[in-house]
Amino acid sequence: MKPIKGQIWTDKPHQFFGLPLNFTRYILTDEKCITRKGFVNIHEDEVMLYRVTDKKLSLPLWQRIFGCGTIVLHAKDSDTPTKELHFIKNPRDVLDLLDQSIQEARKRNLVQGRDMVGALNEDPCGEESCDFE
């Protein structure tokens, strides 16, 4: 499979004794984080990096034994508000790479973290209907 434009990092979950034996691939580009699943029927889910509001690293014992961890991204996205990257090798390095990519994407799109607060599905009046006069 040819690389995606602007691809920075890619990996598969290392679930089976630290080996990547599955049909899921995580792809990080300079603009988005993509999860591609499937062999015959491929489904992709993506989150724009500038929309990510919070990151979390989880290091359960079973994953730490094989040098893996889970990264959770929270985003202001109606389709994918939470994206989990499971069984990632060298998760701290990947989290640092994600953090740098998120900051660069925010700079390119002229977005700051505080601009994302309250950006999703909020009624400006707090009611069903209101008049702007």
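The values are calculated or read from the model by the stated rules, or taken from the named source; none is laboratory data. All of these numbers come straight from a predicted model, not from anything done at the bench. For neighbour counting, all protein chains shown are included, and Cβ atoms are generated from backbone atoms with ideal geometry for every residue, glycine included.
Things to note:
- Segment 1-29, subset farther than 20 Å from VAL40 by Cα, outside any loop (DSSP other than H, G, I, E, B) and of a type in the set (Phe, Trp, Tyr), residue farthest from the chain's Cα centre (by Cα): PHE16
- Qualifying position, being in contact with a helix residue (DSSP H, G or I) (Cβ under 8 Å, 6 or more places away or on another chain) and not charged (D, E, K, R), among LEU97, LEU21, LEU61, LEU85: LEU85
- Checked against the criterion of being modelled with pLDDT of 95 or more and over 23 Å from ASN109 (Cα atoms), the candidates LEU59, LEU19, LEU28 yield just one match: LEU59.
- The residues on offer are ILE65, ILE102, and the sole one that is closer than 20 Å to ARG25 by Cα and modelled with pLDDT of 90 or more is ILE102.
- The condition of being among the charged types (D, E, K, R) and touching a helix residue (DSSP H, G or I) at 6+ places or on another chain (Cβ under 6 Å) holds for only one of ASP77, ASP45, ASP54, that being ASP77.
- Flag if PRO91 is at pLDDT 95 or above and under 17 Å from the mean Cα position of the chain (by Cα): yes
- Single residue of LYS37, LYS55, LYS76 found to be within 18 Å of ASP93 (Cα to Cα), surrounded by 11 or more Cβ atoms within 10 Å (Cβ to Cβ) and either in contact (Cβ under 8 Å) with a residue 60 or more places away in the chain or not acidic (Asp, Glu) (or both): LYS55
- Residues (loosely packed, with under 13 Cβ neighbours inside 10 Å, modelled with pLDDT of 55 or more and on the phi < 0 side of the Ramachandran plot) located in segment 114-133: ARG114, VAL117
- Scanning segment 85-107 for residues that are loosely packed, with under 14 Cβ neighbours inside 10 Å and either in contact (Cβ under 8 Å) with a residue 60 or more places away in the chain or not in a helix (DSSP H, G or I) (or both) yields a single hit, ASN90.
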